[in-house]
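Notes for the one structure printed next.
The values are calculated or read from the model by the stated rules, or taken from the named source; none is laboratory data. Everything numeric here is computed off the predicted structure, so don't read it as measured data. Glycine gets a Cβ as well: all are built from the backbone with ideal geometry, and neighbour counts include every protein chain shown. Each accessible area value is taken on the protein alone, full model and side chains, heavy atoms only, with ligands, DNA and RNA left out. Shrake-Rupley method; radii C 1.70, N 1.55, O 1.52, S 1.80 Å.
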There are 2 protein chains.
Amino acid sequence: MSPVDTAAVEAANTAFYEAMEAGDFDTLSDLWLDDTEDQRISCVHPGWPVLSGRGEVLRSYALIMAHTDYIQFFLTDVLVSLAGDTALVTCTENILSGGPAEDGAELGPLVGQLVVATNVFRRAPDGWRLWSHHGSPVLAESGDDEDDETTA
Amino acid sequence: MSPVDTAAVEAANTAFYEAMEAGDFDTLSDLWLDDTEDQRISCVHPGWPVLSGRGEVLRSYALIMAHTDYIQFFLTDVLVSLAGDTALVTCTENILSGGPAEDGAELGPLVGQLVVATNVFRRAPDGWRLWSHHGSPVLAESGDDEDDETTA
């Protein structure tokens, strides 16, 4: 794997989360691929159904940003896999976030969340851009529990 | 988009779920890409952390199959997106499953589950094969709830 490609993909992945942290909707929009006839972006937020196409996906981010006063992502277990012009990144999002305070205080209560994500990027003329984001809550510690009945 | 490609990707996606339904571990193994230096398969079962590489991924399927006496997937909202030799499929898995009965009866109680999946396939010499599967439970009805505080 080209270390240059890997670094560029990791940088695009980091930029995605930094745009969320900054509440920078324009930068976030630019990081997502444009839809074409063959190719539509898709996004799954933790616990949500699938959102397809730039309209649905970007509207969801505008909503989330409107309801999030503070959010910080501590990324761990970042793994990049590369095939041709597609890159697949898996990572653990250790999230600390806070909504608006209800009593006029500066910030609502902070909430911690453990989410795992699969992010798919395509190489575009202006760099790696997001094709798909799928985030989901981690409810089990590992796949090693013999009694776990969770399915595919 | 070539209708031939779309049909082939949909067939690979269906074959993946049929292998699960049949408890056919060998067919399931063949449907997953081989790991290379650049490219490792990854898998997230609903509520699980990320599993990476054929060892972890296939072991998880062996475990799930060992604990599942009956599983049926009713797929809805199947959407195929295509770019070069990569295909991205999103779908809703309406799952009906049952574990082993504990009292000697034929089947344990059936459980319904609503899961959304993002499945990434690569075109290989012998057809489309899985690079990544990410499944997650649907906890909210839609992204339209103004009060939803869920994050990226």
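If eta is 1.306 mPa s and T is 10 °C, what Stokes-Einstein diffusion coefficient results for chain B, Kirkwood Rh from Cα pairs, in µm²/s?
Details: Rh = 16.6 Å.
Using the Kirkwood radius from Cα pairs, D works out to 95 µm²/s.
Per 20 Å bin, what is the whole-percent P(r) computed from every C-alpha pair distance within the protein assembly as shown?
Result, from short to long distances: 34, 57, 9, 0 percent.
Per residue of B:14-22, how many C-beta atoms from partner chains lie within 10 Å of its own C-beta, taken as a mean? Intermediate values should be presented prior to the final figure.
Values: counts 0, 0, 1, 1, 0, 1, 2, 1, 0.
Average neighbour count from other chains, rounded to a whole number: 1.
Keeping the other protein chains in place, figure out the carbon and sulfur percent of the accessible area of the protein assembly as shown, with a 1.4 Å probe. Don't skip to the end; give the middle numbers.
Working: 6720 of 13220 Å².
Carbon and sulfur: 51 percent of the exposed surface of the protein assembly as shown.
Round to a whole angstrom and tell me the spacing of the C-alpha centers of the range A:21-76 and the range B:1-40.
28
If you plug each phi of the range B:51-61 into the Karplus form 6.51 cos²θ - 1.76 cosθ + 1.60 with θ = phi - 60°, what whole-Hz ³J(HN,Hα) values come out, in order, with x for Gly and Pro?
Per residue, the Karplus-derived 3J(HN,Hα) values read 10, 10, x, 4, x, 5, 5, 5, 4, 5, 5 Hz.
Report the net charge of residues surrounding B:Leu88, where surrounding means a beta-carbon distance below 11 angstrom and charges are Lys +1, Arg +1, Asp -1, Glu -1. The partial results should precede the final answer.
Working: positive: A:Arg40, A:Arg122, B:Arg122; negative: A:Asp38.
Summing Lys and Arg as +1 and Asp and Glu as -1 gives +2.
Ignoring ligands, DNA and RNA and using a 1.4 Å probe, state the total buried accessible area between A and B in Å², rounded to the nearest 100.
5000
If amide hydrogens are placed 1.01 Å from N in the peptide plane, which non-local residues have theirs closer than 5 Å to the one on B:Arg40?
Placed amide hydrogens put A:Leu82 under 5 Å from B:Arg40.
Pick from A:Thr118, A:Thr36, A:Thr68 the residue whose mean-square fluctuation is largest in a GNM of chain A, springs joining Cα atoms under 10 Å.
Comparing A:Thr118, A:Thr36, A:Thr68 in the GNM, the peak value goes to A:Thr36.
Per q in 0.17, 0.20, 0.25 Å⁻¹, report the Debye log10 I(q)/I(0) for the range B:44-125, using one uniform scatterer on each alpha carbon and no solvent.
Debye output, listed in q order: -0.88, -1.10, -1.26.
Under a Cβ-only charge scheme (Lys and Arg +1, Asp and Glu -1), can you give me the dipole magnitude of the range B:3-140 about the Cα centre, in debye to the nearest 20? Walk me through the intermediate numbers first.
Details: 6 positive and 20 negative charges, 81 e Å.
Here the size comes out at about 380 debye.
Could you compute how much accessible surface B:Trp128 exposes when probed at 1.4 Å, giving the result in Å² to the nearest 10?
20
Given the -39500 (n - 2.57) contribution per DSSP H run of 4+ residues, what per-residue ellipticity at 222 nm results for chain A, rounded to the nearest 500 deg cm²/dmol?
Details: 3 runs with 41 residues, N = 152.
Computed ellipticity for chain A at 222 nm equals -8500 deg cm²/dmol.
Please arrange A:Met65, B:Met20 by accessible surface area, largest first, computed with a 1.4 Å probe and ligands excluded. Walk me through the numbers on the way to the answer.
On the way: A:Met65 35, B:Met20 10 Å².
The ordering from most to least exposed comes out as A:Met65, B:Met20.
Shape call for the range B:3-81 from the C-alpha gyration tensor, a ≥ b ≥ c root eigenvalues: rounded (a/c under 1.5), prolate (a/b greater than b/c) or oblate? Working shown, then result.
Working: a/c = 1.67, a/b = 1.12, b/c = 1.50.
Here the range B:3-81 falls in the oblate category.
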